[in-house]
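> This structure is in structure tokens; I'll ask about it shortly.
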């Protein structure tokens, strides 16, 4: 017990030190106004972060640039530009929010438009301001940004896609971004993807990238993707912002079908806080620069390999978003099996993944499986209490409607100390299954979100 | 700014003092085991608590007793017993959770059973253990408890209603409670309602009571109710535990209809954390002891007066549950109007009331109305961004799809410092309306729930 108290004391001392640091910062701070970019102490990198940004391959036909436009943040890049070669196929998935941002509406409209023959394309993204709920001003900002990029790069405006992420409801100072377009054009670089991943971060504590490669017919096909996302994560179609690039030659319709299908079990299977962003967007660009033959038959081996590789990239990026969940200290996989249907399995998995009581228990390393029972019970999916089984990792904690006969609180508590956890729920009713990913709910989440705008 | 820093310093000093107190507690604590009742430092009383427990009238035909059975907690009462006079009409509403506790199933079955002529009734409630997800053991515990009370008080077992609240999934040590039944019988007292309210508390920081009185035909009709609830609050039928007593003479069917109808806009309109308990139960007992004539015509003035008085008591208790929300520092009313339907209005109100991002912004006194926009957008209700208006108190912050032209961040920020807040959302679509109540999400919630079982 003395040991526990000592550990507690150590934690508290760190907390007090942290509080003192915060106090010092508060004493230094100057009154912020809307017009002055904010200098914020960077958040500590998530303990769940990968060792580093992965080595991403150059994707033929794609160049990146990043710049500091001072949209909201000072002392960091906050705009990225990607230029895509003529003939690139584009597809995307977006938030279903009814208050979605002007740039989301604009992307959706442009993806539904016939592509001029051999047209190039571009993606421009800013962080710091979401350009959401900004009325007519919102569309004007999108037009100015995409128009400016179109003119500078010589591509049709209908092929310039934009995203904005950050505070909702404040007019986007688009002129700060358009002032940087010439600089961005000059900086375009096939190896600039990591800089792009950094420029789109908001409360993210690390840039997110993933890659995969398959053998095409006549050459390799490469995929590289980047994402941002940390809070307001309960994607209803895609997560915050994701950009995936491939040199595959594939028609946009097939690409769209594939990415929509894959979104359901990757980005739509994660949650940090049950809140769905107004900006969620995933864009994929297939440049066709690979020497491999075009993928035309979606039942072919290469199409299946490509889809599997794309799924791996999307899953990896989705997991990285959870690993950077605001305040997260645990990465949790929720495996639901034996449900009446897949839809029911998803309802159960997301109810557990979103439950504040489950998530605080995980933060406290408490094997409080009763809260898993609670989440199953409340969510509306078909359930029979007396058929339910619950696992923490390989430890069966409950079955047949009550605590497992050989349940050991000690073993379960020891398991909860792991940084990566699996909670398994078998409903005992059918073949429905779904896997979701979430993180714990800690003081860090409150710290980050109680003063996000200041 | 120096003033702000000073205020911040003051807060931090209080926090450090609190941390030191916690450290002292941690150093004192002894290793808890499942078999030993827990000594827990009482939580500080919620800053939103009423000044004190209200003076509740004696309700003819009802007596109360409380005892310390050591179910889980030491040094406090944890069982209450209420004895109800022969002829008392009973009704109730319960959680719709599919993993609901054995005692909830038992109450529902008993309320559906024909009442023996002139039978009395009783309610027995323990805190510390929810007797939920405890398999066959769960029903046995209920039978032992209600059977024991039935024998001691000479009422049919089918008229003894029980509730259990606390940890889910651990077998209820019913023998600790049955051992106290004789003591409880000896302590029965018409004035014992406050003791009963205290005995049913778990993480509650104050006991909850409310009362109302109307003029019946030939005499006064009185209502007195008690409730418990602080976390796992998103009632799907009723909230945690509520017991209401009245001396009205009214038939059980009319009483049931009335209480079911009122639950929708009272207990079903509150949330602390979006998690729905396995134990939610509301029981109402009408003893008929008033000298007033029985209420037989539900369209009469007295029936309407009685329903209004009952609604006032239920609303008051529901608000007290939110005011004791785990970690709460703000009491927030969400008023949604102009929705396509009442159901849509409720969906919007509850999405705002449950959003962790809205709730942390409120905790941080940040007028982050963009998060209200986000919650409206994500919830699935019909919405037109460009018709939406949002109010904080009397301050219009957004209208017609963007920030109100005369919006003042200063005024909105000043408003957010209030302890009681109103967030108004007009959807601009129809006549649907709903009002919900919630609290903010603070570090206190994490503290309470990360180590609830230890």
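> By DSSP, what percent of the beta bridges with both residues in the protein assembly as shown are antiparallel, rounded to the nearest 5?
Working: 100 of 148 bridges.
So the antiparallel bridges in the protein assembly as shown amount to around 70 percent.
> Going by alpha carbons, how many degrees (0 to 90, nearest 10) lie between the helix axis of A:301-323 and the longest principal axis of chain A?
Approximately 60 degrees, to the nearest 10.
> Given a Förster radius of 22 Å and the C-beta distance between residue B:55 and residue B:300 as r, what FRET efficiency does 1/(1 + (r/R0)^6) yield to the nearest 0.05? Before the final figure, lay out each step's value.
On the way: r = 29 Å, r/R0 = 1.33.
Given R0 = 22 Å and the Cβ-Cβ separation, E is 0.15.
> Going by average Cβ density within 10 Å per residue, which order do the peptides A:317-326, A:208-217, A:256-265, B:203-212 take, highest to lowest? Walk me through the numbers on the way to the answer.
Values: A:317-326: 26.6, A:208-217: 20.0, A:256-265: 17.8, B:203-212: 22.6.
Per-residue Cβ counts within 10 Å, averaged per peptide and sorted highest first, yield A:317-326, B:203-212, A:208-217, A:256-265.
> Give the nm distances, rounded to one decimal, from residue A:112 to the matching residue in every other copy, measuring between label points 7 Å along Cα toward the beta carbon; shortest first.
In ascending order, 4.9 nm.
> What average number of partner chain Cβ atoms lie no more than 10 Å from the Cβ of the residues making up B:383-391?
3
> What is the Cα radius of gyration of the protein assembly as shown over 2.2 N^0.38 Å, N being its residue count? Walk me through the intermediate numbers first.
Values: Rg = 29.3 Å, N = 908, 2.2 N^0.38 = 29.3 Å.
Output field value: 1.00.
> While we're here: So how far, in whole Å, is the C-alpha centre of region A:60-96 from the one of region B:290-350?
51 Å
> While we're on this one: How shielded is A:395-405 by partner chains, expressed as the average number of their Cβ atoms within 10 Å of its Cβ atoms? Can you show the working numbers first?
Numbers: counts 0, 0, 1, 4, 1, 2, 8, 10, 7, 0, 0.
Partner-chain Cβ atoms within 10 Å, mean over residues of A:395-405: 3.
> Taking the highest mean first, how do the peptides B:297-303, A:83-89 order by number of other beta carbon atoms within 10 angstrom per residue? Intermediate results must be reported in sequence, preceding the final value.
On the way: B:297-303: 13.6, A:83-89: 21.6.
In descending order of packing, they fall as A:83-89, B:297-303.
> Quick check: the angle from helix A:135-153's long axis to the longest principal axis of chain A, C-alpha only, nearest 10 degrees?
The angle comes out near 60 degrees.
> For region A:331-450, what ratio Rg/Rh do Cα atoms give with a Kirkwood hydrodynamic radius? Let's see the in-between values first.
Values: Rg = 13.7 Å, Rh = 14.2 Å.
Here the Rg-to-Rh quotient is 0.97.
> Throw me the Rg/Rh for region B:256-408, computed over C-alpha atoms with Kirkwood Rh, two decimals. It would help to have the intermediate numbers written out before the result.
Working: Rg = 19.0 Å, Rh = 18.0 Å.
Rounded to two decimals, Rg/Rh equals 1.06.
> Take residue A:422 and residue B:293, extend 7 Å from each Cα along the Cα→Cβ direction, and tell me the distance between the two endpoints in nm.
7.1 nm
> Also, I was wondering about something else. Starting from the 7 Å offset along Cα-to-Cβ, what nm value, one decimal, do you get for the label separation of residue B:409 and residue B:113?
According to this spin-label approximation, the distance is 6.4 nm.
> By the gyration tensor of its Cα atoms, with a ≥ b ≥ c the square roots of the eigenvalues, what is the shape of region B:82-187: rounded for a/c under 1.5, prolate for a/b over b/c, or oblate?
Values: a/c = 2.09, a/b = 1.26, b/c = 1.66.
Note, shape of region B:82-187 comes out oblate.
> Using only the alpha-carbon atoms, how far is helix B:2-28 inclined from the longest principal axis of chain B? Give it as 0 to 90 degrees, nearest 10.
That works out to roughly 30 degrees.
> Once each part is reduced to its C-alpha centroid, what is the distance from region A:212-230 to region A:358-431 in angstrom?
Centre-to-centre distance over Cα atoms comes out at 37 Å.
> Mind ranking A:166-173, A:337-344 by how tightly packed they are, going by the mean number of other C-beta atoms within 10 angstrom, highest first? Spell out each step's value before the answer.
Working: A:166-173: 23.2, A:337-344: 18.5.
So the peptides A:166-173, A:337-344, ranked by packing, come out A:166-173, A:337-344.
> At a Förster radius of 22 Å, what calculated FRET efficiency corresponds to the Cβ-Cβ distance of residue B:400 and residue A:157, to the nearest 0.05?
On the way: r = 27 Å, r/R0 = 1.21.
Efficiency, rounded to the nearest 0.05: 0.25.
> Specify whether the C-alpha gyration tensor of region B:290-357 places it in the rounded, prolate or oblate class, a ≥ b ≥ c being the square roots of the eigenvalues: rounded for a/c under 1.5, otherwise prolate if a/b is larger than b/c and oblate if not.
Numbers: a/c = 4.53, a/b = 1.72, b/c = 2.63.
Oblate is the answer for region B:290-357, as a/c is 1.5 or above yet b/c matches or exceeds a/b.
> I need the calculated FRET efficiency for the pair residue A:220 and residue A:384, taking r as the beta carbon distance and R₀ as 45 Å, to the nearest 0.05. Mind dumping the intermediate values first?
Working: r = 50 Å, r/R0 = 1.12.
The calculated FRET efficiency here is 0.35.
> For labels at residue B:253 and residue A:45 in the simple 7 Å Cα→Cβ model, what's the distance in nm?
7.1 nm
> Still on this model: Round to a whole angstrom and tell me the spacing of the C-alpha centers of region A:136-176 and region B:253-274.
So the two Cα centres are separated by 48 Å.
> Taking every residue in A:349-359, how many Cβ atoms of other protein chains lie within 10 Å of its Cβ, on average?
Numbers: counts 0, 0, 3, 0, 0, 4, 5, 15, 10, 2, 4.
The per-residue average across the peptide is 4.
> List the distances, in nm to one decimal, from the label point of residue A:147 to the label points of the same position in every other copy, shortest first, placing each label point 7 Å from Cα along the Cα-to-Cβ direction.
8.2
> Taking a ≥ b ≥ c as the square roots of the eigenvalues of the Cα gyration tensor of region B:167-287, is the shape rounded (a/c under 1.5), prolate (a/b larger than b/c) or oblate? Intermediate values should be presented prior to the final figure.
Working: a/c = 1.92, a/b = 1.16, b/c = 1.65.
Oblate is the answer for region B:167-287, as a/c is 1.5 or above yet b/c matches or exceeds a/b.
> Restricting to bridges with both residues inside chain A, how much of the DSSP beta-bridge set is antiparallel, in percent to the nearest 5? Kindly include the intermediate steps, with their values, before the conclusion.
On the way: 50 of 74 bridges.
About 70 percent, rounded to the nearest 5.
> Another question about this same structure. Looking at region B:62-323 only, what percent of DSSP beta bridges run antiparallel? Nearest 5 please.
70 percent
> Further question on the same structure: Mind checking Rg over Rh on chain B, alpha carbons, Kirkwood formula for Rh?
On the way: Rg = 23.0 Å, Rh = 23.1 Å.
Rg/Rh: 1.00.
> Shifting gears a bit: Evaluated at 25 °C with a viscosity of 0.890 mPa s, what Stokes-Einstein diffusion coefficient in µm²/s does region A:164-235 have when Rh comes from the Kirkwood expression over alpha-carbon pairs? The partial results should precede the final answer.
On the way: Rh = 15.2 Å.
For these conditions, the coefficient is 162 µm²/s.
> Also, I was wondering about something else. If you rank B:359, A:222, B:253 by fewest surrounding Cβ atoms within 10 Å, what's the result? Working shown, then result.
Details: B:359 31, A:222 23, B:253 11.
In order of increasing Cβ crowding within 10 Å: B:253, A:222, B:359.
Rule-based calculations on the coordinates, nothing more; no lab input. These numbers come from a predicted model, not from an experiment. Here the Cβ is made from the backbone with ideal geometry for all residues, glycine too, and neighbour counts use every protein chain on show.
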